[in-house]
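Student: Sharing a structure here in structure tokens format.
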Amino acid sequence: ISEQFVRTRRHPAASIMANAQSFDEVYETSSDIDAVYPEIVERLISAASRTGEVLYAVPGSPIVAERTVELLLADPRCQVEIIPALSFLDLTWARLGIDPVSVGVRIIDGHRFAIDAAGERGPLLVAQCDSPDVLSDVKLALDAGIDSCLSADATITVLQRLGLPDEVVQEIPWTDLDRVTADHLTSIYIPELASPVAQELMRFSELVAVLRSECPWDRE
């Protein structure tokens, strides 16, 4: 295949695609992470229209936490063939020593924790914790109610760079969450919440934000 792409080079697996074009420039120039994925899809479809076929590689499994793949599969302009691959989740369950089905783990995007975790009691695996700001937002959501969602002495597990030489699997007090040096290969595991994340309050907050951004009357 003449045109080959990787979503990002910020992953060790990208080294096997030495001649592929990356979309790191899209990440670097976009002011909104939600705008990155549609832009990548548009560029891929444009390339496929020119050449008839492109190869697009993503870190880990293409069907786990890969928004661009979701968008490509839903787009009627292209046909997508998925080649399965190992997910970071397989390594996560092995390191934690749990069966995610038997314990009922819910996987949450760290960027949407306050909304997607609303009403949940755990266990939760929070992925995409790729910056200190995301971890700070998660901590604030856990502590936003009258009573914290976790007891003062509760612990969570930080998982970073699984499968690499500098892998980290560390149990820490949840109150230290915003002190973790986060990177794009960071997830956290919360085994149980003492009380659910404030469901109605968080959803109401999101609704107000949407109305103020999209409705002229509400803005005024």
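Student: Kindly write out, for region 185-191 in residue order, the coupling ³J(HN,Hα) from the Karplus curve 6.51 cos²θ - 1.76 cosθ + 1.60 (θ = phi - 60°), rounded to whole Hz, with x marking Gly and Pro.
Tutor: Whole-Hz 3J(HN,Hα) from phi for region 185-191: 10, 10, 9, 10, 10, 10, x.
Student: Among Ala94, Thr68, Cys78, whose Cα lies farthest out toward the positive end of the dipole of region 60-123, if unit charges sit on the beta carbon of Lys, Arg (+1) and Asp, Glu (-1)?
Tutor: Comparing the listed Cα positions along the dipole, Ala94 ranks first.
Student: Just to be sure I understand, if you calculate Rg and Dmax of the Cα atoms in Å for this structure, which of (i) 19.2, 58; (ii) 17.4, 49; (iii) 17.4, 67 do you get?
Tutor: It is the one labelled (i).
Student: Which whole-Hz couplings ³J(HN,Hα) result when phi for each residue of region 65-76 is put into the Karplus expression 6.51 cos²θ - 1.76 cosθ + 1.60, θ = phi - 60°, listed in order with x for Gly and Pro?
Tutor: 6, 10, 4, 4, 5, 4, 5, 5, 5, 8, 8, x
Student: Could you tell me how far the Cα centroid of region 81-157 sits from the Cα centroid of region 14-47, in Å?
Tutor: 26 Å
Student: Would you compute, from DSSP H runs of 4+ residues alone, the mean residue ellipticity of the chain at 222 nm, taking -39500 (n - 2.57) per run and dividing by the full residue count, rounded to the nearest 500? List each step's numbers first, then the result.
Tutor: Numbers: 9 runs with 81 residues, N = 220.
Taking each H run of at least 4 residues, the total per residue is -10500 deg cm²/dmol.
Student: To continue, here is another question. Enumerate the amide H contacts of Val197 below 5 Å, restricted to partners 5 or more residues apart or on another chain; note that Pro and chain-start residues carry no placed amide H.
Tutor: Gly119, Glu120
Student: What list of ³J(HN,Hα) values in whole Hz, one per residue of region 122-132 in order, does the Karplus curve 6.51 cos²θ - 1.76 cosθ + 1.60 (θ = phi - 60°) give from phi, with Gly and Pro shown as x?
Tutor: Values per residue, Gly and Pro as x: x, x, 10, 9, 9, 9, 6, 8, 8, 7, x Hz.
Student: Further, regarding this structure: Counting other Cβ atoms within 10 Å of each Cβ, which trypsin sites (Lys or Arg not before Pro) in region 19-117 have at most 11 and sit in a DSSP loop? Please report the intermediate quantities before stating the final value.
Tutor: Numbers: sites: Arg43, Arg50, Arg67, Arg77, Arg95, Arg106, Arg112; in loops: Arg77.
In loop regions of region 19-117 (DSSP not H, G, I, E or B), the sparsely surrounded trypsin sites (Lys or Arg not before Pro) are Arg77.
Student: Right, something else. Quick query: amide H of Val6 versus all other amide H atoms, modeled in the peptide plane; which residues come in under 5 Å with a sequence gap of 5 or more or a different chain?
Tutor: So Val6 has HN proximity to Gln21, Ser22, Phe23, Ala57.
Student: If packing is taken as the average count of other Cβ atoms within 10 Å, what order do 30-37, 186-193, 79-86 fall into, highest mean first? Please report the intermediate quantities before stating the final value.
Tutor: Working: 30-37: 12.1, 186-193: 21.4, 79-86: 10.4.
The most tightly packed comes first, giving 186-193, 30-37, 79-86.
Student: Oh, and also: How big is D for region 60-138, in µm² s⁻¹ as a whole number, if Stokes-Einstein is applied with the Kirkwood radius of its Cα pairs at 20 °C and 1.002 mPa s?
Tutor: In µm²/s, the coefficient rounds to 149.
Student: Then there is this: Using a 1.4 Å probe over the heavy atoms of the protein chains, calculate the carbon and sulfur portion of the accessible area of region 1-144 as a whole percent. Walk me through the intermediate numbers first.
Tutor: On the way: 4050 of 8070 Å².
Of all accessible area on region 1-144, carbon and sulfur atoms account for 50 percent.
The values are calculated or read from the model by the stated rules, or taken from the named source; none is laboratory data. Note that the structure is predicted; figures quoted are calculated from it, not measured. FYI the Cβ positions are ideal-geometry reconstructions off the backbone, even for glycines, and counts take in every protein chain you see. To get the accessible areas, we keep the full protein, side chains included, count just its heavy atoms, and leave off ligands, DNA and RNA. Shrake-Rupley method; radii C 1.70, N 1.55, O 1.52, S 1.80 Å.
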